[in-house]
Amino acid sequence: MQTIALNHFPLDIEMDEDFASAPLFKGAAEKQSKSERVKSKYLSTLKQHWIAAPKTVESPGAWYPNTTLRCKILPPNCKPPGFVKSDAGWQYDLGRWDDGKRLRPKAYRIPFITEPGFGDAAMTVSHLCHNNACMNPKHHTLELLAVNKARNGCPGGEHCHHRIKCLMPGPYFSA
């Protein structure tokens, strides 16, 4: 078995220069630092509560090795601070934001809160492992919906044509 790891997301909790980007909110440095604090708190809480949920991927052909992915999930009976379990999955309570509305985006979107596309409805979080319960930030990328959907038919591995490679073949790929 081969284990695949991505390097496009830092595993350590410390803020990283890779994530210094254009402010999410117009012209307010204090609000940008609020985004960074939210992200740091989220990652710290997540790392304390998640559990390993390895996912074995059977090879669809000789060109793709059997693989074990290091997915991480939150246990169903777990109630980490800031996280809210709903019918739609885990959400993260951001409290009241700019306009006074309570925001609870999907929890796996929070690592991208400092990215310029975070608030853009056209941008989605793609699960590179195709496991919707996975909370491992190394298995996620923020991208356009069309790119996200194209991953469903991707062969994965060395045959993947995406800028950030798929960790496994998509659910609609057939060899």
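Table for the structure above
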| quantity | calculated |
| --- | --- |
| Scope region 156-167; condition in a loop (DSSP other than H, G, I, E, B) and either at pLDDT below 85 or within 30 Å of Pro76 (Cβ to Cβ) (or both); matching residues | Gly156, Ile164, Cys166, Leu167 |
| Single unsatisfied condition, Phe118 versus (1) of a type in the set (A, V, I, L, M, F, W, C); (2) surrounded by 18 or more Cβ atoms within 10 Å (Cβ to Cβ); (3) over 21 Å from Leu43 (Cβ atoms) | (3) |
| Residue match in region 111-124 (condition: among the small types (Gly, Ala, Ser), in contact (Cβ under 8 Å) with a residue 40 or more places away in the chain and under 28 Å from Pro155 (Cα atoms)) | no |
| Pairs, first closer than 18 Å to Cys134 by Cβ and without any contact (Cβ under 8 Å) to a residue 24 or more places away in the chain in region 150-175, second of a type in the set (Val, Ile, Thr) and surrounded by 14 or more Cβ atoms within 10 Å (Cβ to Cβ), C-beta under 6 Å, six or more apart | none |
| In region 144-155, the residues that are within 24 Å of Pro111 (Cα to Cα) and not in a strand (DSSP E or B) | Leu145, Ala146, Val147, Asn148, Lys149, Ala150, Arg151, Asn152 |
| Region 131-146, subset at pLDDT 90 or above and surrounded by fewer than 17 Cβ atoms within 10 Å (Cβ to Cβ), residue nearest to Pro116 (Cα to Cα) | Leu144 |
| Residue tally, condition among the polar types (S, T, N, Q) and either within 8 Å of the chain's Cα centre (by Cα) or in a helix (DSSP H, G or I) (or both), over region 110-128 | 1 |
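Here is a yes/no grid of residues against (1) in a strand (DSSP E or B); (2) hydrophobic (A, V, I, L, M, F, W, C); (3) over 26 Å from Lys34 (Cβ atoms):
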residue: Gly100; (1), (2), (3): no, no, no
residue: Tyr108; (1), (2), (3): no, no, no
residue: His130; (1), (2), (3): no, no, yes
residue: Leu142; (1), (2), (3): yes, yes, no
residue: Pro169; (1), (2), (3): no, no, yes
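The values are calculated or read from the model by the stated rules, or taken from the named source; none is laboratory data. All values reported here derive from a predicted model rather than from experimental measurement. When we count neighbours, we look across all protein chains shown, and the Cβ atoms used for this are built from the backbone with ideal geometry, even at glycine.
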